[in-house]
1. Working only with C-alpha atoms, what are the Rg and Dmax values of the chain, expressed in angstrom?
2. In the chain, once you exclude exposed trypsin sites (Lys or Arg not before Pro) (DSSP loop, at most 11 other Cβ within 10 angstrom), what's the longest stretch remaining?
3. Considering the chain as a Gaussian network with a 10 Å cut-off on Cα pairs, which listed residue, Glu105, Glu28, Glu115, attains the greatest mean-square fluctuation?
4. For the chain, what is the relative contact order in percent, using Cα pairs closer than 8 Å and at least 6 residues apart in sequence?
5. Considering only Gly51, Val116, Ala69, whose Cα is most displaced toward the positive end of the charge dipole of the chain, charges sitting on Cβ of Lys, Arg (+1) and Asp, Glu (-1)?
6. Please get the size of the charge dipole for the chain, origin at its Cα centre, with Cβ charges of +1 on Lys and Arg and -1 on Asp and Glu, quoted in debye to the nearest 20.
7. For the chain, what is the mean residue ellipticity at 222 nm derived from helices alone (per DSSP H run of n ≥ 4: -39500 (n - 2.57); sum divided by total residues; nearest 500 deg cm²/dmol)?
8. Given the options Ala31, Ala111, Ala137, which has the most mean-square fluctuation in a GNM of the chain, springs set between C-alpha atoms less than 10 angstrom apart?
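What follows is calculated from the coordinates using simple rules that are stated; it is not laboratory data. This one's a predicted model, so the numbers in the text were calculated from it and none came from an experiment. When we count neighbours, we look across all protein chains shown, and the Cβ atoms used for this are built from the backbone with ideal geometry, even at glycine.
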Amino acid sequence: MTQLLDDSVIVDCSGRNCTARLAMTRDELRAVVDRGDSVRCPGCERKAKEGARKQERRGLTKFELIVLAAHDLETAGEGSDLDINDLIVAAWSLDRTRLGLRKYERQYPDAKNVEVSVTHMVNTYGLFARTRPCHVALTEAGRAPAAKLDATRTRRA
Ligand SMILES: [Zn+2]
């Protein structure tokens, strides 16, 4: 970021493989940061919007649903040490079609499916940590995307 005039700055576009630089006022930059967005040139902005629309149509990914469910349980006062079954049911409640038991999506969660994902999120991605048998907790790495998803949801609602 380079200082230009008093209230104007040059910012790099955050688009992948994009080298565009944009001049904007500090207020504009602050507005972008405040809504949790990144600075993008018009081309990258268009691509990002298309991506967001696609994502919205597709709904949240399995991992996203699970970290968001953990966040919901925490904020509902369950503490940070979460029973895996509470987490499975909470995630399924967010999107029954996606996390429901095949043929019984509305009635039952696909517990095995969610549990395998949680294991991946513990061992491979570090989004959760095992705390004691049948219990997990969001790590700092998991808390960040969860809070972000929660903020997006609030804005969309
Ligand atoms: Zn760009």
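1. 19.3, 62
2. Details: sites that count: Arg16, Arg35, Arg102, Lys103.
Here the longest run is 36-101.
3. Judging by the Gaussian network model, the answer is Glu28.
4. Working: 186 pairs, mean separation 26.2, N = 157.
Over the chain, the number comes to 17 percent.
5. The Cα lying farthest towards the positive end belongs to Gly51.
6. That gives a dipole near 860 debye.
7. Mean residue ellipticity, 222 nm, calculated: -16500 deg cm²/dmol.
8. Greatest mean-square fluctuation among the candidates belongs to Ala31.
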